[in-house]
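Have a look at the structure below, then the notes.
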Amino acid sequence: MSINAVSSVNVVSSGDKVTIILNGRFEQATSRSFRETLLKALKEPPTEVCIHLGAIDYIDSSALGLLLMAREMAEKSGKTVTLSGATGMVRKALEFAKLNTLFKML
């Protein structure tokens, strides 16, 4: 596991939205904790899952794949996924991979 891997994954529920807040690096080494958190969030009653990327300073291709997986799993559960807070290199990576056309980005 990378020394700078995501140091925390927090979940905040508010109204019709569950927000997953990531911090640090979002990469293959963090896929398990993200997936476990996502599965828990999808079991919550709210209809929207927001993945907050504002504190992410690095994202790799495996993490981009996890975002696509999150979208697919949410749709199967009748929920939507939005991405929020992405800036700098993270936002550029999302746009390069055209994920900005698949997700509502806040």
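The values are calculated or read from the model by the stated rules, or taken from the named source; none is laboratory data. The structure presented is a predicted model; accordingly, all values stated were derived computationally and were not measured. Neighbour counts are summed over all protein chains in view; Cβ atoms, including those assigned to glycine, are modelled from backbone coordinates with ideal geometry.
Tabulated data for the structure shown
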| item | result |
| --- | --- |
| Close pairs from segment 85-106: first under 13 Å from Leu64 (Cα atoms) and outside any loop (DSSP other than H, G, I, E, B), partner among the small types (Gly, Ala, Ser) and modelled with pLDDT of 95 or more, Cβ under 6 Å, at least 6 apart | Leu94/Ala86 |
| Selected residue (criterion: nearest to Glu27 (Cα to Cα)) from residues of segment 88-106 that are surrounded by 15 or more Cβ atoms within 10 Å (Cβ to Cβ) and of a type in the set (Gly, Ala, Ser) | Ala93 |
| Residue that is in contact with a helix residue (DSSP H, G or I) (Cβ under 8 Å, 6 or more places away or on another chain), on the phi < 0 side of the Ramachandran plot and among the aromatic types (Phe, Trp, Tyr), where the choices are Phe96, Phe103 | Phe103 |
| Condition met for Arg32 (farther than 15 Å from Ala93 by Cβ and in contact with a Phe, Trp or Tyr (Cβ under 8 Å, 6 or more places away or on another chain)) | no |
| Options Gly78, Gly54, Gly85, Gly65; residue that is within 15 Å of Met105 (Cα to Cα), modelled with pLDDT of 90 or more and exposed (fewer than 15 other Cβ atoms within 10 Å of the Cβ) | Gly54 |
| Among residues of segment 25-51, those that are touching an Asp or Glu at 6+ places or on another chain (Cβ under 7 Å) and either surrounded by 19 or more Cβ atoms within 10 Å (Cβ to Cβ) or in contact (Cβ under 8 Å) with a residue 40 or more places away in the chain (or both), counted | 2 |
| In segment 12-57, the residues that are more than 12 Å from the chain's Cα centre (by Cα), of a type in the set (Gly, Ala, Ser) and not in a strand (DSSP E or B) | Gly15, Ala29 |
| Residue tally, condition touching a His at 6+ places or on another chain (Cβ under 8 Å) and modelled with pLDDT under 85, over segment 1-32 | 0 |
| Residue satisfying condition, being modelled with pLDDT of 95 or more and not aliphatic (A, V, I, L, M), within set Lys43, Lys98 | Lys98 |
| Those residues of segment 68-84 which are in a helix (DSSP H, G or I) and among the aliphatic types (A, V, I, L, M), in sequence order | Leu68, Met69, Ala70, Met73, Ala74 |
